[in-house]
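Novice: Following this message is one structure expressed as structure tokens.
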Amino acid sequence: MLTLHGFPFSNYHNIVKHALMQKGIRFDERIVYPNTPEIFAVNPTGKVPAMTTEKGTQLSESSVLIEYLEDAYPEHPLFPEDVEVRGRVRQLMKVSELYLELAARRLLPAVLGNVEFPQATLDEVRLVLERGARSLTALADFGPYLVGSELTLADIYLRYALSIPKMVGPAKLDWNVMEAVLGLADWDAMMASTDIAKKIDADQKANTAEFMAYISAPK
Ligand SMILES: N[C@@H](CCC(=O)N[C@@H](CS)C(=O)NCC(=O)O)C(=O)O
């Protein structure tokens, strides 16, 4: 059986877990934390998530993992058939990663720890986040999904990519992505209402104490 290595507090882990559940693929969830011997044994970057495929290949990087799932398990597709629309879905995934998740992640130590960032860094991050929000506004049609009437990988990717901007924006930048993009709050509520999202959110909550203990343990 396929194994997903990671931990339920991780938004990147949850992108892959959601895609697996949405496609109805059976998998083992093996709880491992970043930069530990357990994760290095399956992923040279030491990051979470990683995957061992049914054939034994070790893969990593969330976007690679979900695209692999589309290739290896074509039933219940999460990419549209039309290549033009598929391009739009990929564009939204990339925008979510580069201009929302990664930008906000820079300020995570300010929220999870007590790290202070200079105003120049806060301004830089905000500019990138505004670029992401502007792009979402231009690209998403919320009909009701990001691209039309069917759930795609873009919806799954963005749901979890938003978790850090949602935290960091109001806390550190006096800026809220949920208000910056018209339609995003309704979409987010719709995405949160599914049984799969509820299970992932419950698992995340249940993992919080263990994850906090991992973060505060001396490395
Ligand atoms: N580009 C990676 C990012 C994964 C990532 O940053 N995961 C976090 C956990 S949410 C992590 O492992 N952080 C530890 C580190 O960066 O050393 C992906 O898409 O899978």
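The values are calculated or read from the model by the stated rules, or taken from the named source; none is laboratory data. Note that the structure is a prediction, hence the values are computed from the model and not measured. Cβ placement follows ideal geometry from the backbone for every residue including glycine, while neighbour counts extend to all protein chains displayed. Surface accessibility is based on the protein's heavy atoms, side chains included, excluding ligands, DNA and RNA. Shrake-Rupley method; radii C 1.70, N 1.55, O 1.52, S 1.80 Å.
Novice: Which residue is nearest to the ligand (Cβ to nearest atom), if the candidates are limited to the stretch 80-109 and must be over 21 Å from residue 159 (Cβ atoms) and modelled with pLDDT of 95 or more?
Specialist: Of everything passing the filter in the stretch 80-109, 83 is nearest to the ligand (Cβ to nearest atom).
Novice: Which members of the stretch 13-70 meet the condition of being part of a strand (DSSP E or B) and more than 24 Å from residue 210 (Cα to Cα)?
Specialist: Within the stretch 13-70, 58, 59 meet the criteria.
Novice: In the stretch 1-31, what residues are more than 14 Å from the ligand (Cβ to nearest atom) and touching a Gly at 6+ places or on another chain (Cβ under 9 Å)?
Specialist: Of everything in the stretch 1-31, those that are more than 14 Å from the ligand (Cβ to nearest atom) and touching a Gly at 6+ places or on another chain (Cβ under 9 Å) turn out to be 29, 30.
Novice: Working only within the stretch 42-79, note down all residues that are among the hydroxyl-bearing types (Ser, Thr, Tyr), more than 10 Å from the ligand (Cβ to nearest atom) and in contact with a helix residue (DSSP H, G or I) (Cβ under 9 Å, 6 or more places away or on another chain).
Specialist: Within the stretch 42-79, 53, 57, 73 meet the criteria.
Novice: Go through the stretch 56-104 and give me each residue that's of a type in the set (D, E, K, R) and farther than 18 Å from residue 24 by Cα.
Specialist: Hits for the stretch 56-104 are 61, 81, 82, 84, 86, 88, 90, 94, 97, 101.
Novice: Would you mind stating whether residue 39 is surrounded by 17 or more Cβ atoms within 10 Å (Cβ to Cβ), away from the ligand (no atom under 15 Å from the Cβ) and free of Cβ contacts under 8 Å to residues at least 60 places away in the same chain?
Specialist: In short, no.
Novice: Let me ask something else about it. Among (1) in contact with a helix residue (DSSP H, G or I) (Cβ under 6 Å, 6 or more places away or on another chain); (2) of a type in the set (Val, Ile, Thr); (3) in a helix (DSSP H, G or I), which single condition is residue 121 missing?
Specialist: With (1) in contact with a helix residue (DSSP H, G or I) (Cβ under 6 Å, 6 or more places away or on another chain); (2) of a type in the set (Val, Ile, Thr); (3) in a helix (DSSP H, G or I) applied to residue 121, the lone miss is (1).
Residue-by-condition table, conditions (1) under 24 Å from residue 6 (Cβ atoms); (2) open to solvent by less than 70 Å² (accessible area, probe 1.4 Å):
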{"position": "35", "(1), (2)": "yes, no"}
{"position": "54", "(1), (2)": "yes, no"}
{"position": "58", "(1), (2)": "yes, no"}
{"position": "70", "(1), (2)": "yes, yes"}
{"position": "81", "(1), (2)": "no, no"}
{"position": "85", "(1), (2)": "no, yes"}
{"position": "124", "(1), (2)": "no, no"}
{"position": "135", "(1), (2)": "no, yes"}
{"position": "144", "(1), (2)": "no, yes"}
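Novice: Check residue 33 against each of (1) within 18 Å of the chain's Cα centre (by Cα); (2) closer than 21 Å to residue 196 by Cα and name the one condition it does not meet.
Specialist: (2)
Novice: Something else about it: Please verify whether residue 172 is charged (D, E, K, R) and in contact with a helix residue (DSSP H, G or I) (Cβ under 6 Å, 6 or more places away or on another chain), treating the condition exactly as stated.
Specialist: yes
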